[in-house]
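The values are calculated or read from the model by the stated rules, or taken from the named source; none is laboratory data. Because the structure is a prediction, the values reported are computed rather than measured. Reconstructed Cβ throughout: ideal geometry from the backbone, glycine too, with neighbour counts over all protein chains shown. The accessibility values were calculated without ligands, DNA or RNA, using every heavy atom of the protein model including side chains. Shrake-Rupley method; radii C 1.70, N 1.55, O 1.52, S 1.80 Å.
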There are 2 protein chains.
Amino acid sequence: MKQKNVSLNDIAKSLGVSRALVSLVLNGKAAEHGIAESTCQRVLAKASELNYKPNQLARSLRLGRSFTIGLVVSDISNIFYSKLARAVEDLAERAGFSLVICSTDEQVDKEQKLLRLLQNRQVEGIILSSSQADCDDLTRLKNDGVPLVLIDRKLDCKQLSTVVSNNRLGGEIGTKHLIDSGYKRPLALAITPAHISTISERVKGYTNAVTEVGIAPWVAEVPFEEVPSYVEALIGRLKAENRLPDSIFALNNSVTSAALVALKKHGLDVPASVGLISFDDIPYFEFMNPAISAVEQPIAKLAEVAFGRLMDQINGSSATAYESLTVELPVNLIVRESTTKQQPN
Amino acid sequence: MKQKNVSLNDIAKSLGVSRALVSLVLNGKAAEHGIAESTCQRVLAKASELNYKPNQLARSLRLGRSFTIGLVVSDISNIFYSKLARAVEDLAERAGFSLVICSTDEQVDKEQKLLRLLQNRQVEGIILSSSQADCDDLTRLKNDGVPLVLIDRKLDCKQLSTVVSNNRLGGEIGTKHLIDSGYKRPLALAITPAHISTISERVKGYTNAVTEVGIAPWVAEVPFEEVPSYVEALIGRLKAENRLPDSIFALNNSVTSAALVALKKHGLDVPASVGLISFDDIPYFEFMNPAISAVEQPIAKLAEVAFGRLMDQINGSSATAYESLTVELPVNLIVRESTTKQQPN
DNA sequence: CCAATCACCTAAATCGATTTAGGAAATTTT
DNA sequence: AAAATTTCCTAAATCGATTTAGGTGATTGG
């Protein structure tokens, strides 16, 4: 069934030369080794005649380079991560790297297992959106010599190169926008576990903003395993008790979806009854009715900076050595219809 | 910087035994080779003491198995493909395979380049949603001994195992739903290039359905590089000329988005002015206003069947040899608000 | 005619694992 | 005590490439 692939040796044998010669020629090092032009031609011709495909596994083993990097996120089918993955893929491809993508489902043990797996596969570096609460495991990985860049989520950790959005500021901007639009009682919809830095930072930003104008913070924490049902129950309860917020800041795209479902199900109009702004912009928000306001993350830029840092680590260049270890990139407020408060009250 | 990894040899040396011994023990073949229990313990202890990580590259080279498969689609950031990727990832992981994901941007030359790359990397199989018009290239790949399964899009080709949705039937069902809802003049929004089987099949289904009830087919072909602008211009023109369709069947998720944008921009109410149904369901459709009706593809099932067939090819089992080479899986109509015609006219 | 130079190529080690055939020492059998 | 087994382990080939130090034969120089 699976016939043996053509190897360097096969070419060498069928030409009666050494495989060193063949390797040199095929790697374009013929000139610097003074290999006769005519020999080059013969090798090249034979290689294409036999349809030679270099075995990258062997090459990688010998060179100690796999030309592969890993991207580990919680769920590649989440649109935020799939956009990020695509951006990383393009950068990697241009740099001659393949990309292995893994999803952790927010499970720390799965994350650890996948990281070990990638390490065993000799990936040259890893870009990771970690679900871990501390960075012991990751520091160990890094000390093992695996270039590592954290993306999206930061850990409380001085050692690891990290690239994130400015989530705190995003939380602030979004909240201020609600306040500026006339909302008096904005509810922040967060998600557990609480150690996920993106969410906690956004909550901080929210809290700062409301506190500053004398509004008491109001944060609901949604367990990530049961987002839709929990949010629906929450909205239902608040409505029944006549304690609805006048606006909601949904702090990531999964709670935004849940909130939209719940509001629709309970017949609550956006923005007439409840204003809504989302952390994370989604293509579909633009043409929804109402169009959803959002705090947009610079996905392409995140990928770019993270990938750049990873390459610096791989190439051992000290370019980023003197920069701050953690970069926070600016986010962008997109005002649409879902935060347009109708009447002043 | 990058210290050398601990190898089998290091363990062997530091224990004064052969590396064959170490390999056998670590692979659990100690018993069948009559290796002393005490020796096993020493090896295991030393391996964990030195924090040994097996080099999968070396292992793969020796075994002739990379435990990696490739998934090649047009764009991993498209939600359809990212859901598919996630499903494949889970299956692959359970089977002990890593997944390399590549995007082709619908470019045939890029697809060919990526396939070659994957082949050089010795992936054990490839799941491919191809942008190619014919299958010469792919047949060659397969004949090279690379297990290959086409997914999502089929080619006009008798040789390649293929797993797709029943797109023709989906086109029919969606169109019939429009007709049954009282629409008289449904426009099918297709996309070029025309050789993409998903779209051409859906158009066929649409055409069958309208023809059957005596309605003339009306298909607009949108060039895939300029979907949003083209669709907007089209809707604008039709509106200006007072030739608007009473409903639209958007034949994939990119034109659906474009149609929604265009309709909103031109102030056309869905479904009051124009009904809309989408091929491909998207999570966001459920809670949009109006909620969008859709023909849903069985993504998980597609992944499952394709992966199963790939494994059969890899394992050389003839399980699927007698089945039809192409499977078409049933799709599902989801009726929501966007196809609710108000008044009979 | 011998040595130096040049042009061209090869041998062999190496990366890190797996696997098979077989060997040495200890034990049992007769 | 010699022969036959057992028990436990090793040598060496192998996967397919890369790379370095060196070798061979022809040409040139003196």
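When A:Val17, A:Val6 are screened for being of a type in the set (Val, Ile, Thr), surrounded by 11 or more Cβ atoms within 10 Å (Cβ to Cβ) and within 11 Å of DNA strand D (Cβ to nearest atom), only A:Val6 passes.
Before we move on, is B:Asn9 in a helix (DSSP H, G or I), within 10 Å of DNA strand C (Cβ to nearest atom) and either assigned by TED's automatic domain parsing to the domain that holds B:Met311 or not basic (Lys, Arg) (or both)? Step through it out loud before you land on a result.
Values: in a helix (DSSP H, G or I): yes; within 10 Å of DNA strand C (Cβ to nearest atom): yes; either assigned by TED's automatic domain parsing to the domain that holds B:Met311 or not basic (Lys, Arg) (or both): yes.
Yes: the conditions hold for B:Asn9.
Would you confirm, using the coordinates I've provided, whether A:Ala30 is modelled with pLDDT under 95 and either under 21 Å from B:Ile101 (Cα atoms) or among the hydrophobic types (A, V, I, L, M, F, W, C) (or both)? So A:Ala30 passes the test. The set of residues from the range A:12-46 being more than 9 Å from DNA strand C (Cβ to nearest atom) and not in a helix (DSSP H, G or I) comprises A:Asn27, A:Gly28, A:Lys29.
So that you can scan it fast, the table gives a plain yes or no per residue for (1) at pLDDT below 95; (2) among the polar types (S, T, N, Q):
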| residue | (1), (2) |
| --- | --- |
| B:Ala194 | yes, no |
| B:Ile199 | no, no |
| B:Ala216 | no, no |
| B:Ser247 | no, yes |
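Please verify whether B:Tyr230 is among the aromatic types (Phe, Trp, Tyr) and open to solvent by 40 Å² or more (accessible area, probe 1.4 Å), treating the condition exactly as stated. Against the criterion (among the aromatic types (Phe, Trp, Tyr) and open to solvent by 40 Å² or more (accessible area, probe 1.4 Å)), B:Tyr230 qualifies. Between A:Thr192, A:Thr139, the distinction of being among the hydroxyl-bearing types (Ser, Thr, Tyr), surrounded by fewer than 18 Cβ atoms within 10 Å (Cβ to Cβ) and not assigned by TED's automatic domain parsing to the domain that holds A:Arg243 belongs to A:Thr139 only.
So which residues in the range B:259-277 are free of Cβ contacts under 8 Å to residues at least 40 places away in the same chain and open to solvent by less than 30 Å² (accessible area, probe 1.4 Å), if there are any at all? Give the steps one after another, and end with the answer.
Our first condition is that a residue be free of Cβ contacts under 8 Å to residues at least 40 places away in the same chain; within the range B:259-277, this holds for B:260-269, B:273-274.
Result: B:Leu260, B:Ala262, B:Leu263, B:Leu268, B:Val274.
Among residues of the range B:20-44 that are more than 9 Å from DNA strand D (Cβ to nearest atom), none has a Cβ under 7 angstrom from a residue that is β-branched (Val, Ile, Thr) and open to solvent by 40 Å² or more (accessible area, probe 1.4 Å) at a sequence gap of 6+ or on a separate chain. Checked against (1) surrounded by fewer than 24 Cβ atoms within 10 Å (Cβ to Cβ); (2) of a type in the set (Val, Ile, Thr); (3) touching a residue at least 24 places away in the same chain (Cβ under 8 Å), B:Ile151 meets all criteria but (1). Selection within the range A:28-43: residues that are closer than 26 Å to B:Gln122 by Cα and open to solvent by less than 80 Å² (accessible area, probe 1.4 Å). The member of this set that is farthest from the other protein chains (Cβ to nearest Cβ) is A:Val43. So for the range A:76-98 (the condition being in a helix (DSSP H, G or I), within 10 Å of the chain's Cα centre (by Cα) and charged (D, E, K, R)), does at least one residue qualify? Scanning the range A:76-98 turns up at least one residue that is in a helix (DSSP H, G or I), within 10 Å of the chain's Cα centre (by Cα) and charged (D, E, K, R). Restricting the search to the range A:45-66, which residues are open to solvent by 50 Å² or more (accessible area, probe 1.4 Å), hydroxyl-bearing (Ser, Thr, Tyr) and either touching a residue at least 60 places away in the same chain (Cβ under 8 Å) or away from DNA strand D (no atom under 11 Å from the Cβ) (or both)? Passing the criteria: only A:Ser48. Evaluated against (1) open to solvent by 10 Å² or more (accessible area, probe 1.4 Å); (2) within 12 Å of another protein chain (Cβ to nearest Cβ), B:Glu241 falls short on exactly one condition, (2). In summary, strands (runs of 3 or more DSSP E) completely within the range B:173-289 and bearing 3 or more residues that are of a type outside the set (Phe, Trp, Tyr) and closer than 30 Å to B:Asp134 by Cα occur at B:186-192, B:219-223.
Just give me the residues in the range A:63-74 being under 30 Å from A:Lys154 (Cβ atoms) and within 16 Å of DNA strand C (Cβ to nearest atom), in sequence order. Please lay out each step first, then the result.
Here is the first cut: in the range A:63-74, the ones under 30 Å from A:Lys154 (Cβ atoms) are A:65-74.
Matches in the range A:63-74: A:Arg65, A:Ser66, A:Phe67, A:Thr68.
Any idea which residue in the range B:83-129 is least open to solvent (accessible area, probe 1.4 Å), counting only those that are of a type in the set (Asp, Glu) and within 9 Å of chain A (Cβ to nearest Cβ)? Per the criteria, the residue is B:Glu89. Which residues, taken from the range A:63-82, are at the interface with chain B (Cβ under 9 Å from one of its Cβ atoms), among the β-branched types (Val, Ile, Thr) and touching a strand residue (DSSP E or B) at 6+ places or on another chain (Cβ under 8 Å)? Selection gives A:Thr68, A:Ile76.
Looking across B:Ile173, B:Ile126, B:Ile179, one residue alone is of a type in the set (A, V, I, L, M, F, W, C) and outside the structural domain of B:Asn242 (by TED's automatic domain parsing). It is B:Ile126.
For the range B:47-62, does any single residue satisfy the condition of being away from DNA strand C (no atom under 11 Å from the Cβ), facing chain A (nearest Cβ under 9 Å) and at pLDDT 95 or above? Talk me through it step by step, then tell me what you get.
Filtering the range B:47-62 for residues away from DNA strand C (no atom under 11 Å from the Cβ) gives B:48-49, B:51.
Those still in the list that are facing chain A (nearest Cβ under 9 Å) too: B:51.
Filter again for at pLDDT 95 or above, leaving B:51.
Scanning the range B:47-62, I find at least one residue that is away from DNA strand C (no atom under 11 Å from the Cβ), facing chain A (nearest Cβ under 9 Å) and at pLDDT 95 or above, so the answer is yes.
Within the range B:213-269, the set of residues being among the hydroxyl-bearing types (Ser, Thr, Tyr) and within 15 Å of B:Phe279 (Cα to Cα) comprises B:Ser247, B:Ser254, B:Thr256, B:Ser257. Applying the criterion of being in contact (Cβ under 8 Å) with a residue 60 or more places away in the chain and over 24 Å from the mean Cα position of the chain (by Cα) to the residues of the range B:244-258, the residue that is most open to solvent (accessible area, probe 1.4 Å) is B:Asp246.
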